[in-house]
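To start, the structure itself, in structure tokens.
The values are calculated or read from the model by the stated rules, or taken from the named source; none is laboratory data. Nothing here was measured: the structure is a model prediction, and the numbers come from that model. A quick note on method: Cβ atoms are made from the backbone with ideal geometry, for glycine too, and the neighbour counts reach across all protein chains shown.
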Amino acid sequence: MSRTGFDKYITVFSPEGSLYQVEYAFKAVTYAGLLTVAIRCKDAVLVFTQHNVPDRLMRPDTITSLHNINKDIGTCITGRAPDGKSLVQKARQEASEYKYRYGSPIPVSVLAKRVADMAQVRTQHAGLRLMGVVMTFLGMEQNDADGSWVPQIYCVDPAGWCGSYHACAIGKKQIEANAFLEKKQKNAPFHTLSQKDAAMIALAALQSALGASLKATDVEVGRCSVEDHCFRRVPDEDVEEWLTALAEAD
């Protein structure tokens, strides 16, 4: 089969073992032009993503990459926004059905794995298109050993792979941002940091990878903390405070 055939058929592996349509879906995430950084700390999990408004006539408050799945779990979509919103609706349906069936909120790990299963099925059928988006899920899970609540980050990619992270970067310039995070992790494990210190590292990773200084209006920040277990957007005032502290530290 020619290279054109491998490109066309999502279910056919190339001689190198690649599914080209899957690779193209990953490129769609990168070409969307946004960078997302998520980090877990001692008592919370935070996600930072670029906030780009494509048209000056659009209201900035109507453009967002942060979404609540339920009260306890949030997600950040990186890539094609329409694809991401479709998966957000599917994730909300999964969370609702779990609550109805078992009487308790769905754990973030279970939700992420179910969304990953849905994404993986799309790599098996020629009649389905892969979603050009990576979903970052944030929430709290209870430790079975001592009953404590632990911040969690899970990422689901277009191929249906799901993984848990201490911190991660997705999208444009993700290689540079991940290298920055790995270097910082060696100096101080992220799970020992305060929210302010973790936020400063995430913002520094964004600025370092993008090669530009950021303003509070340039980023969206979501947070889920041990204190209330609710996923909420962080006010611009708090983001500005972290950016000021980062500038003073430099």
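Does region 67-94 hold any residues that are in a helix (DSSP H, G or I) and either surrounded by fewer than 17 Cβ atoms within 10 Å (Cβ to Cβ) or touching a helix residue (DSSP H, G or I) at 6+ places or on another chain (Cβ under 6 Å) (or both), and which are they?
If the condition is that a residue be in a helix (DSSP H, G or I) and either surrounded by fewer than 17 Cβ atoms within 10 Å (Cβ to Cβ) or touching a helix residue (DSSP H, G or I) at 6+ places or on another chain (Cβ under 6 Å) (or both), then PRO82, LYS85, SER86, GLN89, LYS90, ALA91, GLN93, GLU94 are the ones that fit.
Residues checked against (1) surrounded by 21 or more Cβ atoms within 10 Å (Cβ to Cβ); (2) farther than 24 Å from ILE77 by Cα; (3) modelled with pLDDT of 95 or more:
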| site | (1), (2), (3) |
| --- | --- |
| SER2 | no, yes, no |
| PHE13 | no, yes, no |
| TYR20 | no, no, no |
| GLU23 | no, no, no |
| THR30 | no, no, no |
| ARG40 | yes, no, yes |
| ASP43 | no, no, no |
| LEU46 | yes, no, yes |
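Can you tell me how many residues within region 17-45 are part of a strand (DSSP E or B) and more than 21 Å from ALA212 (Cα to Cα)?
Selection size over region 17-45: 3.
Identify the residue in region 25-39 that is in contact with a Leu (Cβ under 8 Å, 6 or more places away or on another chain) and not β-branched (Val, Ile, Thr) and, among all such residues, is farthest from ALA205 (Cα to Cα).
So the residue we want is ALA25.
Would you list the strands (runs of 3 or more DSSP E) that sit entirely within region 161-250 and hold 2 or more residues that are within 30 Å of GLU23 (Cα to Cα) and at pLDDT 95 or above?
Details: elements: 162-164, 167-171, 219-225, 231-233.
So the answer is 162-164, 167-171, 219-225.
Quick check on region 48-66: of everything there that is closer than 22 Å to LYS27 by Cβ and buried (at least 18 other Cβ atoms within 10 Å of the Cβ), which residue is farthest from the chain's Cα centre (by Cα)?
This residue is GLN50.
Starting from region 71-96, keep only residues that are more than 20 Å from LEU35 (Cβ to Cβ) and free of Cβ contacts under 8 Å to residues at least 40 places away in the same chain, then list their pairs with residues that are part of a helix (DSSP H, G or I) and hydrophobic (A, V, I, L, M, F, W, C) whose Cβ atoms are within a distance under 9 Å, requiring at least 6 positions of separation or different chains.
These pairs meet every condition: LYS90/VAL115; LYS90/MET118; GLU94/VAL110; GLU94/LEU111; GLU94/VAL115; GLU94/MET118; ALA95/LEU111.
Within region 95-124, work out how many residues are crowded, with 18+ Cβ neighbours inside 10 Å and of a type in the set (Lys, Arg).
2
Here are GLU94, GLU141: which of them is modelled with pLDDT of 95 or more and among the acidic types (Asp, Glu)?
After applying the criteria, what remains is GLU94.
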